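These notes concern the structure reproduced below.
Every read-out reported here was derived from the displayed coordinates using simple, explicitly stated rules and does not represent laboratory data. Bear in mind that the values here come from a model prediction, so they are computed numbers and not experimental data. We place every Cβ from the backbone using ideal geometry, glycine too, and count neighbours over all the protein chains shown.
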Amino acid sequence: MHGIGLLLAGRRASLGPPSLISMRWWSSRGALASHEKDEHCKLLRQTSEWWGRRVVPIFDRGYASGPWLGALRGFDSRFILRWKLNYHLVTEAGVKQAAWKIPRGKVGLAPRTMWDAVHHCNVQGSVLFFPITHPDFPDGPLTLVVARRKGANPWYLVTNEQVESAQDAWKVVLAYARRWRVEILFRNLKSELAIQSLRVYRWEDRLKLLGLVTLAYAFLMEMMGKDKKKARDWLIAYACHRSGTHLRAVELPFSRLRLALSRLWLAYPCWFVRRGRLNL
């Protein structure tokens, strides 16, 4: 089984957690086998039909390729794509070279201090941007945005967004940084909702189970919104109380909310569940 998810996130954290829009599941074996790129294009087509150019799809290095750029051009989609440093691009002067060679020897622009939420520290960063094209699409102008950070490898971001200043380049970098919310999605699906531990083998049964898991995840993420905070905090304090300060400061208490709902279900089962009540 393989899966791909589509999340809708705002440019700023103040807009709340991302929303799960769609999940696609497929298999590479059997009579109903499908190809990965076909499934990706199906989801891209849906995104184009739903929102057009009102959203900016963001992709990791696994999508860095000429065929995927062609698909994005075909759907007339805005995009931000992290490029692999050894993959070639064509500079404004017509020189074809690896992406890491284009900003070589250039001094970063508009340095600024940012908060690293992973390592919980402030980091110093700078940006560079260069007009480029892809060798397979010389008529499609693009921009290479390079984000540098002290003590880490730079990001090479290819985009068709308008980038005319360092401020525009920083918008591209910060938009890509929001993509890491996708990693949280799959971590929660694997660890909290156990999609890697399916115990059913028929194709239809798997799709039904994965559909229920997707709905459960969407409901839990909906509870992470600011308007649900009062109910969420009460439920967590009642059924999954923790005294640690670091746990109380968690922005998205997904694990505790799932555990609290599970305990509440066991303590107060619905009328159609044939089991006795359990004490919390």
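The ranking of V163, V200, V127 by Cβ neighbour count inside 10 Å, starting from the fewest, reads V200, V163, V127. Cross-link partners of K96 among lysines, defined as those whose alpha carbon lies under 22 angstrom from its own and excluding same-chain residues fewer than eight positions apart: K84, K106.
For the chain, a simple Cβ point-charge model (Lys and Arg +1, Asp and Glu -1, everything else neutral) yields a dipole of about 1060 debye relative to the Cα centre. Straight-line cross-link reach from K228 at under 27 Å between alpha-carbon atoms covers these lysines, not counting any fewer than eight positions away in the same chain: K190.
Computed from Cα atoms, the angle from the helix 166-177 axis to the main principal axis of the chain rounds to 30 degrees. This ranking places K230, K190, K171 by how few other beta-carbon atoms lie within 10 Å of each, fewest first, which gives K230, K190, K171.
Helix 36-51 and the longest principal axis of the Cα set of the chain meet at an angle near 90°.
For the chain, the longest principal axis of the alpha carbon atoms and the long axis of helix 229-239 meet at an angle near 50°. Across the range 150-174, no residue has a backbone nitrogen under 17 Å from the label position 7 Å along the beta-carbon direction of S22.
At a threshold of 8 angstrom on Cα-Cα distance, excluding pairs fewer than six apart, so keeping six or more, what relative contact order does the chain reach in percent? The partial results should precede the final answer.
On the way: 361 pairs, mean separation 35.4, N = 280.
The value is 13 percent.
Kirkwood analysis of the chain, using all unique Cα-Cα pairs, places the hydrodynamic radius at 21.6 Å.
With K and R counted +1 and D and E -1, the other residues having a Cβ less than 11 Å from that of H134 yield a net charge of 0. Listed from fewest to most Cβ neighbours within 10 Å, the set R248, R258, R202 follows the order R202, R248, R258. Over the chain, dividing the summed -39,500 (n - 2.57) contributions of all DSSP H runs of at least 4 residues by the number of residues returns a 222 nm mean residue ellipticity of -11000 deg cm²/dmol.
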